[in-house]
Structures are given as structure tokens and as C-alpha cells.
1. When you go through (1) touching a helix residue (DSSP H, G or I) at 6+ places or on another chain (Cβ under 8 Å); (2) exposed (fewer than 11 other Cβ atoms within 10 Å of the Cβ) one by one for residue 73, which number turns out not to apply?
2. If I ask for residues that are more than 12 Å from residue 106 (Cβ to Cβ) and touching a residue at least 60 places away in the same chain (Cβ under 8 Å), which ones from region 37-73 would you list?
3. Looking only at residues in region 94-109 that are surrounded by 11 or more Cβ atoms within 10 Å (Cβ to Cβ) and in a loop (DSSP other than H, G, I, E, B), which one is modelled with the highest pLDDT?
């Protein structure tokens, strides 16, 4: 009888530890989700030609750029393409959990 009590107590302790582990894992998952949600995306597309794309003065790519950024306001500017008028730079706000989409068109001169 006493051996059964010890066994039951041990199983209960094991279950409690498993439960604590699951709660800790859930908390970590929630923390990671909260941290991820503090960011948003900026998606910039140039057409009909491939123009350079700069965000806050830093080159980020050509034609189609999709980047994860902290919440905030960013300056998006574009490189020159021979025979086309360069689009004006613009300020874009990135909000957590959302995609800020910017599509610009290079016009022929």
C-alpha cells in the first residue's frame, strides 16, 4: 500500500512538471509571437522597369523588395533609370502585423 502511494505521488509530480513545461512553452510561444508582431513589412515594387530601391538611404534591392521592419516611418527613394523619370521619394509608415505596399511607376521621358 505504501509503495503504491509513493508511485502515485511520483506520477503526480511528473504530471505537474510536464504541465509546468507546457505552460512555459506556451509562454515562450506567446512571447515570440508578441515580439514578431512588433514588426511589419514594407513591400516596394517598381514598374515597368527595374529601379533601385533605397530605404532610409540604404540600398535594399531592385524591382521588388519585401522586408520586415520595426514599427516606424521610413523614407523610400528610387534610383535613376536611363530614359525614365525617377519617382519622387516618399515617407511610408510601417505598422505591426501589417504590410505597407508601395508601387511606383517610372514614366518615359
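The values are calculated or read from the model by the stated rules, or taken from the named source; none is laboratory data. Just so it is clear, the structure is predicted and the values come from calculations on it, not from any experiment. Cβ sites come from the backbone with ideal geometry, for glycine too, and all protein chains shown count toward neighbours.
1. So residue 73 meets the others, but not (1).
2. 37, 40, 42, 44, listed by residue number.
3. Step by step, filter region 94-109, then rank; the result is 106.
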